[in-house]
1. Can you send over the carbon and sulfur percentage of the accessible area for the chain, probe radius 1.4 Å, protein chains only?
2. On average, how much accessible surface per residue is there in the chain, in Å², for a 1.4 Å probe, leaving out ligands, DNA and RNA?
3. From a point 7 Å beyond the Cα of Ala101 in the direction of its Cβ, which residues of segment 293-323 have a backbone N at a distance under 20 Å?
4. At R0 = 56 Å, how high is the FRET efficiency between Thr34 and Asp155 if r is their beta carbon distance? Nearest 0.05 is fine.
5. Given the Cα-Cα distance of Arg162 and Ser9 and 0.36 nm per residue of separation, how much length would full extension add, in nm?
6. Show that you can apply the helix-only estimate: for the chain, add -39,500 (n - 2.57) for every DSSP H stretch of four or more residues, divide by all residues, and state [θ] at 222 nm to the nearest 500.
7. Please give the residues of segment 95-121, grouped as numeric ranges, whose backbone N is less than 14 Å from a label point set 7 Å along the Cα-to-Cβ vector of Arg306.
8. Using a Cα-Cα cut-off of under 16 Å, which aspartates and glutamates could be cross-linked to Lys163, ignoring same-chain neighbours fewer than 8 residues away?
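The values are calculated or read from the model by the stated rules, or taken from the named source; none is laboratory data. Everything numeric in this text was worked out from a predicted model, so none of it was measured. Here the Cβ is made from the backbone with ideal geometry for all residues, glycine too, and neighbour counts use every protein chain on show. When the accessible area is computed, the model is the full protein with side chains, heavy atoms only, and any ligands, DNA or RNA have been set aside. Shrake-Rupley method; radii C 1.70, N 1.55, O 1.52, S 1.80 Å.
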Amino acid sequence: MIIEELRKSEEPAWDAYVDAHPRANCYHLRAWKTVAEEAYGFETPFLLARDRAGGRVCGALPLFAAGVPGPGGGGYLTTGLFGAYGPVLADDPATADALVAGAIERSRARKARFLVVKALGLEMPAPGFEPLDHWVVARLALASDPETVWRRFRDKTRNAIRKGQRSGLAVQVGPRHLDGFYDVLAENMHKKGAPIYGRSLFEELLRALGDRGEIITLEHGGRTVSGALVIRFGDVVTVPFASSRPGSFHLNPNNLLYWEIISRSCRAGARTLDFGRSLRDSTALSFKLGWGAETEAQPMYVRALRGPAPRFDVAAPGIRFLIGLWRSLPRNLADALGPRVCRRWLA
């Protein structure tokens with residue numbers, strides 16, 4: 001078996017393997033490699049497994065060299081940016097093990113502090129990884145007719161959607177609405193005390209995704225109050241980024257936005273809506289479960305290589321202090337600093 005870093009000439013082989021693999025999702029798409037390189041300047045040693053030199057592709061693992069290493073090394077490697085997740089794609093367990101071993105080897109070669117595997121399910125990727133089981137993924141089964149899904153909702157959910165429909169919210173679709181979407185997301189993340197990723201990340205992502213990616217927004221009085229970036233992969237529609245202005249919550253934009261996504265996805269032939277990952281017992285997860293979604297564990301497995309493994313615990317006192325500090329920054333300063341912080345520490 002051969003484990004090699006993805007070369008330009010092999011990109012079609014990667015795309016074909018990911019498109020055909022039954023466990024692949026939108027986070028295995030090569031678009032994320034382009035985004036990481038162009039928006040953040042990351043190295044992206046994506047790993048491709050072949051049964052022999054020049055032979056059949058039998059596995060694939062996205063890999064991002066994130067953070068900012070110092071003169072003696074540093075930074076970290078991860079299998080997904082931000083809220084991404086997905087299994088190691090392989091034809092068999094031995095190939096999966098070889099891909100993880102290849103990721104460890106490249107992490108050590110870069111003198112990285114740690115390696116993160118953002119998995120699905122609770123199966124350990126290899127010995128020596130520490131599981132951090134803070135997150136779950138919520139998914140909703142769809143149908144060819146949106147009305148079939150509508151009838152499954154609770155009365156409370158249907159009433160919230162109807163209120164949004166009566167609030168004078170206008171649905172807008174297309175890349176020209178990126179600015180409005182990004183402004184809403186940046187405002188909401190600032191209020192939550194989280195750095196924003198940078199507009200260039202979304203520009204590059206939409207460009208790299210092509211017709212797989214779409215911006216959907218809601219406007220009220222000519223101003224964008226809610227929006228989402230959605231990705232179609234196979235028969236699954238994923239919502240990795242969505243937000244509404246807190247000042248617009250009385251209009252129920254979140255409910256109408258997701259109903260618009262659900263109904264459009266049904267009509268497009270999708271069978272599943274992936275709401276994205278959420279912290280366990282969070283308000284965001286409660287909202288997703290209110291639609292009738294079911295959950296799957298989305299642990300992060302961390303392999304410490306130099307020093308202790310990070311805990312990624314948002315309830316830790318130090319993290320809570322930083323969240324409060326970020327909220328106290330003026331919005332324009334937070335927007336300017338956010339991409340630098342994300343690039344260095346949060347990818």
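1. On the way: 8060 of 15530 Å².
The C+S portion of the solvent-accessible surface of the chain is 52 percent.
2. Ligands and nucleic acids excluded, the figure is 45 Å² per residue.
3. In segment 293-323, the label zone of Ala101 (backbone N under 20 Å from the point 7 Å along Cα→Cβ) covers 302-305.
4. On the way: r = 44 Å, r/R0 = 0.79.
About 0.80, to the nearest 0.05.
5. Working: separation 153, 0.36 × 153 = 55.08 nm, distance 5.09 nm.
Result: 50.0 nm gained on full extension.
6. Values: 11 runs with 126 residues, N = 347.
Taken over the chain, the calculation gives -11000 deg cm²/dmol.
7. 106-115, by backbone N distance to the label point.
8. Asp155, Glu219, Glu260
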